[in-house]
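The values are calculated or read from the model by the stated rules, or taken from the named source; none is laboratory data. Since the structure is predicted, the reported quantities are computational estimates derived from the model, not experimental observations. Note that each Cβ is placed from the backbone with ideal geometry, even for glycine, and that neighbours are counted across all protein chains shown.
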Amino acid sequence: MGRPPPLLPLCASVSLLGGLTFGYELAVISGALLPLQLDFGLSCLEQEFLVGSLLLGALLASLVGGFLIDCYGRKQAIFGSNLVLLAGSLTLGLAGSLTWLVLGRSVVGFAISLSSMACCIYVSELVGPRQRGVLVSLYEAGITVGILLSYALNYALADTPWGWRHMFGWATAPALLQSLSLLFLPAGADETAANKDLIPLQGGEAPKLGLGRPRYSFLDLFRARDNMRGRTTVGLGLVLFQQLTGQPNVLCYASTIFGSVGFHGGSSAVLASVGLGAVKVAATLTAMGLVDRAGRRALLLAGCAFMALSVSGIGLVSFAVPMDSGPSCLAVPNATGQTGLPGDSGLLRDSSLPPMPRNNEDQREPILSTVKKTKSYPRSGDPSAPPQPALSSALPGPPLPTQGHALLRWTALLCLMVFVSAFSFGFGPVTWLVLSEIYPVEIRGRAFAFCNSFNWAANLFISLSFLDLIASSLSWAG
């Protein structure tokens, strides 16, 4: 009989690759929005709808995923989510209209939401309490690495014709590797091990072990039994405050935000996003080394304090320097005339003929002149369509700012990096770690999913109004 496979390295790979897939899919839209805006002539509302479609799929998964996880097991739920992810990535890679893009992003959102819940629960139950903090935090580290990889790939493919198709397709690689690691792991842990070291709440009664397998209904989450009501209050508070910080939405619109605060040109805005992703990775790795030493509460309080200071700094800078007028979608109408709404469907309609880039000498033309040249184009993918502008030339921006204004804008970038870093060692890892530790195993999947549904609902609400809020706040501050 051969030796059993090493448990800890395999659990670490499942956690890391699951987080990497999640982070990549969450942030890849940041760089893809810029070329998609040119190829499909997306308005601000359509961009918000495209970003929000992933969150809508994730919200649906959080509503039904808990029952799937508890009924079919954590391991099978991860396998199933990876299959759904493959289907969604294929749809995105072949999409020829906004309708198919929204459908693909919704399917991908369902997959990553289900996988995120199952991964955190699965890993926390397989390992002991001494390794649990590091391995569950490794999922958050994977998210930040995925965000950084997506930003780097966005930058590499920024001027590549149909590069956004490749951006969406690469998400399948970590999902396939994660499925391979799962083949060597057990289906789950036994009940006693899974219930070990639940976090006790103040004034509450911990579940009693060894007296037979307790049964919990969904309504028990709101009852005083085993202090479930208090546990649910803590879980909901963590996920709601995590979203209300706005940090997760910064990741989806990072390139758009940097374009609005002075990083002119599509490539420079995406490159600034790469720096943001690198800082987020460093902060998450720091949190991994501290989460079991300093404790969950200390990291959370420290992260909240730094977030408050940094976002106050961004607010002061916005008053001191006039920002740009807002996201470029406010100035660019639907250039291609393709809405992608029902009645304009199609998968990869003649996509082998990509748009050709413009000459470098046209890069400093005002954006309104670009609109005049593109507004009569046929829909994207039409072989008879004239050449469309490249990404780097379509977002030139206004003249360069003065030295004082440039310094303040770099200060805003620094504050934003501190804001993201503070989230990455506070709310980021602590929220999911605490959720995986406060509920008994019999109801853990449903409780995790219930809290996660509020997480995605809040994220969806903020994402659907994010660009409009940026435009109104910049015009008010400027």
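So in the range 1-15, with the set limited to residues that are aliphatic (A, V, I, L, M) and surrounded by fewer than 24 Cβ atoms within 10 Å (Cβ to Cβ), which one is nearest to Ile462 (Cα to Cα)? I'd like the intermediate steps shown before the answer.
First, pick out the residues of the range 1-15 that are aliphatic (A, V, I, L, M): 1, 7-8, 10, 12, 14.
Cutting the leftovers down to surrounded by fewer than 24 Cβ atoms within 10 Å (Cβ to Cβ) gives us 1, 7-8, 10, 12.
On the way: Met1: 55, Leu7: 39, Leu8: 37, Leu10: 36, Ala12: 32 Å.
Filtering first and then ranking leaves Ala12.
Considering the range 245-268 alone, what residues qualify as being under 18 Å from the mean Cα position of the chain (by Cα), buried (at least 22 other Cβ atoms within 10 Å of the Cβ) and either among the small types (Gly, Ala, Ser) or modelled with pLDDT of 80 or more (or both)?
Selection gives Ala254, Ser255.
Go through (1) at pLDDT 85 or above; (2) assigned to a loop (DSSP other than H, G, I, E, B) and name the single condition Gln242 misses.
So Gln242 meets the others, but not (2).
In the range 83-95, how many are surrounded by fewer than 23 Cβ atoms within 10 Å (Cβ to Cβ) and over 16 Å from Phe22 (Cα atoms)?
4
Report the residue count in the range 148-173 for those that are among the polar types (S, T, N, Q) and buried (at least 24 other Cβ atoms within 10 Å of the Cβ). It would help to see each step written out before you state the result.
Taking the range 148-173 and keeping what is among the polar types (S, T, N, Q), we get 150, 154, 160, 172.
So of that shortlist, the ones also buried (at least 24 other Cβ atoms within 10 Å of the Cβ) come out as 150, 154.
So the count comes out to 2.
Scan the range 439-459 residue by residue and report those that are among the β-branched types (Val, Ile, Thr) and buried (at least 24 other Cβ atoms within 10 Å of the Cβ).
Keep residues of the range 439-459 that are among the β-branched types (Val, Ile, Thr), which gives 441, 443.
Selection gives Val441 alone.
Across the range 219-233, what is the number of residues that are aliphatic (A, V, I, L, M) and surrounded by 20 or more Cβ atoms within 10 Å (Cβ to Cβ)? Step through it out loud before you land on a result.
Here is the first cut: in the range 219-233, the ones aliphatic (A, V, I, L, M) are 219, 221, 224, 228.
From what is left, the residues that are surrounded by 20 or more Cβ atoms within 10 Å (Cβ to Cβ) are 221, 228.
Qualifying residue count, the range 219-233: 2.
For the range 431-467, give me each residue that is more than 17 Å from the chain's Cα centre (by Cα) and closer than 27 Å to Val279 by Cα.
Listed by number, the residues that qualify are Leu433, Val434, Leu435, Ser436.
Restricting attention to the range 46-54, does a residue exist that is in a helix (DSSP H, G or I), without any contact (Cβ under 8 Å) to a residue 24 or more places away in the chain, among the hydroxyl-bearing types (Ser, Thr, Tyr) and farther than 17 Å from Val239 by Cβ? Even if it seems obvious, please write down each step before you answer.
Our first condition is that a residue be in a helix (DSSP H, G or I); within the range 46-54, this holds for 46-54.
With the extra rule that they be without any contact (Cβ under 8 Å) to a residue 24 or more places away in the chain, the set shrinks to none.
Scanning the range 46-54, I find no residue that is in a helix (DSSP H, G or I), without any contact (Cβ under 8 Å) to a residue 24 or more places away in the chain, among the hydroxyl-bearing types (Ser, Thr, Tyr) and farther than 17 Å from Val239 by Cβ, so the answer is no.
Filter the range 120-141 down to the residues that are assigned to a helix (DSSP H, G or I) and over 24 Å from Ala282 (Cα atoms) and list them by number.
Result: Ile121, Tyr122, Glu125, Leu126, Pro129.
Kindly indicate the residue of the range 35-80 that is polar (S, T, N, Q) and within 16 Å of the chain's Cα centre (by Cα) and also surrounded by the fewest Cβ atoms within 10 Å (Cβ to Cβ) among those meeting that condition.
Step one: list which residues in the range 35-80 are polar (S, T, N, Q), which gives 37, 43, 47, 53, 62, 76.
Those left that are additionally within 16 Å of the chain's Cα centre (by Cα): 47, 53, 62.
Working: Gln47: 25, Ser53: 23, Ser62: 25.
Looking at the filtered set, the residue picked out is Ser53.
For every residue, the table says whether it meets (1) farther than 24 Å from Phe425 by Cβ; (2) free of Cβ contacts under 8 Å to residues at least 24 places away in the same chain; (3) crowded, with 24+ Cβ neighbours inside 10 Å; (4) aliphatic (A, V, I, L, M).
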residue: Ser97; (1), (2), (3), (4): yes, no, yes, no
residue: Trp100; (1), (2), (3), (4): yes, no, no, no
residue: Gly109; (1), (2), (3), (4): yes, no, yes, no
residue: Leu114; (1), (2), (3), (4): yes, no, yes, yes
residue: Tyr122; (1), (2), (3), (4): no, no, yes, no
residue: Gln131; (1), (2), (3), (4): no, no, no, no
residue: Val136; (1), (2), (3), (4): no, no, yes, yes
residue: Ala141; (1), (2), (3), (4): no, no, yes, yes
residue: Gly146; (1), (2), (3), (4): no, no, yes, no
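Taking the conditions exactly as written (closer than 30 Å to Ala158 by Cβ, modelled with pLDDT of 70 or more, in a helix (DSSP H, G or I) and within 24 Å of the chain's Cα centre (by Cα)), does Val274 satisfy them or not? Step through it out loud before you land on a result.
Values: closer than 30 Å to Ala158 by Cβ: yes; modelled with pLDDT of 70 or more: yes; in a helix (DSSP H, G or I): yes; within 24 Å of the chain's Cα centre (by Cα): yes.
Taking the combined requirement at face value, the residue satisfies it.
Which residues, counting only those in the range 289-322, are modelled with pLDDT under 80 and either within 20 Å of the chain's Cα centre (by Cα) or crowded, with 20+ Cβ neighbours inside 10 Å (or both)?
Selection gives Val291, Val317, Val321.
So Gly73 clears everything in (1) on the phi < 0 side of the Ramachandran plot; (2) out of contact with any helix residue (DSSP H, G or I) (no Cβ under 8 Å at 6 or more places or on another chain); (3) not basic (Lys, Arg) except one condition, right? Which one?
Condition not satisfied by Gly73: (1).
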